[in-house]
């Protein structure tokens with residue numbers, strides 16, 4: 001499969017300047033992020049798009065820029081939210097909480113909370129409050145954002161009590177006392193951990209469904225969530241510019257959700273079974289992306305480039321680590337860690353000394369360093385994976401990044 005668009009798709013994009021040369025050649029190369037930005041927005045502008053922008057049916061937004069440079073895009077208002085809501089409403093394991101009108105409580109980066117507060121302030125013609133209150137953090141009648149602090153490891157007891165109280169408020173808004181919890185897996189694990197440590201776990205209202213959808217969630221964190229919540233815990237995979245492409249079921253198996261989309265898998269290096277996602281999508285009518293390199297990596301059940309057999313989304317292409325046996329992704333390191341040391345919570349691999357040695361910083365759920373046997377097994381596993389001698393270093397705290405997300409890899413710090 002060469003990924004070339006169908007005649008019907010070509011007809012839909014015929015007027016878009018960025019695709020004219022490809023249409024004339026009869027071949028569409030892989031579309032890279034810098035090409036999208038080069039000459040933006042003129043390289044996307046059509047008479048129909050100009051009218052949509054004037055009418056407010058299309059808007060300019062920035063991608064999150066968590067793991068790459070922020071990219072300006074054009075999309076319908078609430079494009080990603082509507083993609084989320086539709087998938088939630090159709091998901092075989094959790095559609096019931098959508099149908100029953102459960103409120104969505106979102107526990108993710110403070111940047112997301114601040115964005116919602118800015119949007120609401122703009123609607124009122126006001127400046128956003130430095131500490132937005134509950135109403136300022138409501139995205140719509142269904143969704144409330146909780147987090148007010150960059151680093152969840154630094155949440156105070158007061159922070160945790162406030163968030164648990166706001167979750168309870170959302171739960172009570174439902175006639176049967178039910179709610180849906182949307183989160184970054186890391187943030188929810190921090191909240192559970194702190195609630196347990198401070199004797200507040202009994203005050204944590206139990207959700208009826210959980211989605212984590214904002215970043216890669218390590219296996220140990222997923223296991224921790226499954227141990228503490230007796231409800232489906234679902235992963236969604238997508239992006240600001242594409243919407244959602246895949247979802248997991250309650251058992252962790254991924255299913256395609258490719259409405260108006262197709263996916264190719266291209267090896268990140270010759271002979272590799274680690275694949276780069278190349279997506280063609282006309283789901284966003286104002287900025288259709290044809291053979292677009294999303295920057296994400298995946299592995300499949302059988303090692304073949306079959307997008308229906310994806311077994312894991314394992315990090316970003318720009319964060320791959322070169323190793324003797326081929327590029328190493330975030331998910332590859334995570335697999336070694338979860339197998340050798342299920343008690344590890346956060347981790348970061350630091351490549352030092354000009355790329356010749358590594359240190360694995362880690363925290364644990366119980367706060368104690370690993371024992372000698374586990375440490376030796378993990379050091380050996382990291383060395384086999386990366387080709388680098390590795391020393392482990394237990395930490396009480398690994399700071400979160402400015403984006404509100406964790407970096408699994410740091411070089412020469």
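The values are calculated or read from the model by the stated rules, or taken from the named source; none is laboratory data. Model, not experiment: these values are computed from the prediction. Heads up, the Cβs are rebuilt from the backbone with ideal geometry, glycines too, and the neighbour counts pull from every protein chain shown.
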- Which condition number in (1) surrounded by fewer than 17 Cβ atoms within 10 Å (Cβ to Cβ); (2) under 22 Å from the mean Cα position of the chain (by Cα) is the one that residue 182 fails? (1)
- Message: Please go through the stretch 221-247 and give me each residue that is under 21 Å from residue 329 (Cα atoms) and surrounded by fewer than 23 Cβ atoms within 10 Å (Cβ to Cβ), ordered by number.
- Response: 222, 223, 235, 236, 237, 238, 239, 246
- Query: For the stretch 127-134, does any single residue satisfy the condition of being closer than 21 Å to residue 403 by Cα, at pLDDT 95 or above and in contact with a helix residue (DSSP H, G or I) (Cβ under 6 Å, 6 or more places away or on another chain)?
  - Reply: yes
- Can we say residue 212 is modelled with pLDDT of 95 or more, crowded, with 22+ Cβ neighbours inside 10 Å and touching a helix residue (DSSP H, G or I) at 6+ places or on another chain (Cβ under 6 Å)? yes
- Query: Can you tell me how many residues in the stretch 24-50 are crowded, with 16+ Cβ neighbours inside 10 Å and closer than 19 Å to residue 279 by Cα?
  - Reply: 5
- Could you tell me whether any residue of the stretch 76-96 is more than 23 Å from residue 234 (Cβ to Cβ), exposed (fewer than 14 other Cβ atoms within 10 Å of the Cβ) and in contact (Cβ under 8 Å) with a residue 12 or more places away in the chain? yes
- Query: Among the numbered criteria (1) within 18 Å of the chain's Cα centre (by Cα); (2) over 24 Å from residue 393 (Cα atoms); (3) surrounded by 15 or more Cβ atoms within 10 Å (Cβ to Cβ), which single criterion is violated by residue 318?
  - Reply: (3)
- Item | helices (runs of 4 or more DSSP H) wholly inside the stretch 76-156 that include at least 2 residues being in the same structural domain as residue 208 (by TED's automatic domain parsing) and closer than 30 Å to residue 51 by Cβ | 79-90, 110-124
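Do you know which of the residues in the stretch 170-184 that are touching a strand residue (DSSP E or B) at 6+ places or on another chain (Cβ under 8 Å) and assigned to a helix (DSSP H, G or I) is nearest to residue 105 (Cα to Cα)? Write out each step before concluding.
Just the residues of the stretch 170-184 that are touching a strand residue (DSSP E or B) at 6+ places or on another chain (Cβ under 8 Å), to begin with: 170-171, 173-174, 179-184.
When the remaining residues are screened for being assigned to a helix (DSSP H, G or I), the result is 170-171.
Details: 170: 7, 171: 9 Å.
Across the stretch 170-184, the extreme among qualifying residues is 170.
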- Count, please, the residues in the stretch 377-399 that happen to be in a loop (DSSP other than H, G, I, E, B) and either outside the structural domain of residue 341 (by TED's automatic domain parsing) or out of contact with any helix residue (DSSP H, G or I) (no Cβ under 7 Å at 6 or more places or on another chain) (or both). 6
- Message: Being surrounded by 12 or more Cβ atoms within 10 Å (Cβ to Cβ) and either in a helix (DSSP H, G or I) or touching a strand residue (DSSP E or B) at 6+ places or on another chain (Cβ under 9 Å) (or both) is the filter here; which residues of the stretch 3-15 pass it?
- Response: 3, 4, 5, 9, 10, 12, 13
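One line per residue, one yes/no per condition, for (1) without any contact (Cβ under 8 Å) to a residue 12 or more places away in the chain; (2) within 21 Å of residue 345 (Cα to Cα); (3) under 24 Å from the mean Cα position of the chain (by Cα); (4) surrounded by 15 or more Cβ atoms within 10 Å (Cβ to Cβ):
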| position | (1), (2), (3), (4) |
| --- | --- |
| 108 | no, yes, yes, yes |
| 131 | no, no, no, no |
| 138 | no, no, yes, yes |
| 142 | no, no, yes, yes |
